[in-house]
1. If I take R0 = 51 Å and measure r between the Cβ atoms of THR172 and GLN95 in this structure, what FRET efficiency does the formula 1/(1 + (r/R0)^6) give, to the nearest 0.05?
2. For the pairs LYS123/LYS164; LYS123/LYS166; LYS91/LYS113, flag any whose C-alpha to C-alpha distance is greater than 25 Å.
3. Stretched out fully, how many nm does the piece from GLN31 to GLU259 gain, at 0.36 nm a residue minus the Cα gap?
4. Could you check the simple spin-label distance between GLN129 and ARG250, using points 7 Å along Cα→Cβ, in nm with one decimal?
Amino acid sequence: MAECASEISDTARPVEAKVEVLDECESIWKQIEECQSKLMLLGRETLLPSDAKLSLLMLQWKALKVDVHQWQARSPEVISTNPDVLLELGKEELQKVKNDLEMVLSTIQSKNKRLEEDLKREKQWNEEQKQMLETLNKMEEEANTEAEHPSKKSLKTRELNELKNKLLKLETYKKELLSALGEFLDEHFPPPEEGENIKKKNSSAETAVELIALQEILEVLINTIMTTPHEPYITINQSFWPPYVELLLRYGVALRHPEDPNRIRLQAYHN
């Protein structure tokens with residue numbers, strides 16, 4: 001019997017705390033309604049002559065000043081002395097702070113990931129530039145060794161310079177295209193949110209696979225068709241977000257393998 005009585009009292013405490021909070025809210029709401037009615041009455045006053053209106057404004061200013069001093073001298077009131085009410089309010093505030101911190105952490109992680117990807121692409125572009133400069137320097141050295149044919153040497157040097165300028169223009173144009181493509185995709189086709197990874201993790205017992213952005217899918221398709229044109233197909237794995245794959249197929253950007261639906265390739269626009 002004593003245990004039953006203790007259980008009933010424990011269950012009744014939150015109910016009493018809730019009723020107490022509702023009563024306090026109703027009293028505060030009544031005070032707000034009274035203040036609002038007073039403000040409405042003040043707003044309906046007719047215009048007075050300039051002197052009378054000035055004196056009325058001065059009286060109102062003095063009254064407001066007195067209210068300000070009273071509010072400044074007033075000590076903060078305790079919301080409630082009921083420990084159950086304070087406990088529930090504390091839990092709500094801590095949950096709000098936790099949610100805000102989780103949101104900030106998710107945003108920072110997303111930005112760090114994007115910066116790492118940008119750094120990786122910049123390093124790759126830097127390596128390509130170094131290889132291109134090494135090739136051009138080697139070609140220039142070979143052209144300089146042909147001293148016995150001055151006319152041919154000048155012709156090859158001019159052709160080499162023209163080729164160098166074309167390559168530099170092409171690399172600059174390539175970088176501009178990739179940058180514009182990246183900005184367009186980041187704006188209109190952002191990476192899948194963390195919620196998609198969480199859903200996939202909860203739907204299966206396997207380890208969650210991180211979904212890649214649409215820009216990475218396009219880069220894989222482009223690199224595959226350029227490096228291995230005889231075998232341009234790639235296999236769709238779990239890191240490919242299905243809506244983005246369906247988008248590429250629907251608008252003809254990518255084509256599915258005629259015999260294997262799990263393999264796709266880029267449309268050969270360059271042919």
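Here, each number is a calculation from the coordinates, and none is a lab measurement. Just so we're clear, the structure is a prediction, and the values are computed from it rather than from any experiment. Because the Cβ atoms are built from the backbone with ideal geometry, glycine has one as well, and the counts that use them run over all protein chains shown.
1. Working: r = 52 Å, r/R0 = 1.02.
Taking R0 as 51 Å, the efficiency between THR172 and GLN95 is 0.45.
2. On the way: LYS123/LYS164 21 Å; LYS123/LYS166 22 Å; LYS91/LYS113 33 Å.
The pairs that break the limit, which is 25 Å between Cα atoms, are LYS91/LYS113.
3. Gain on stretching GLN31 to GLU259: 74.6 nm.
4. That separation, rounded to one decimal, is 3.9 nm.
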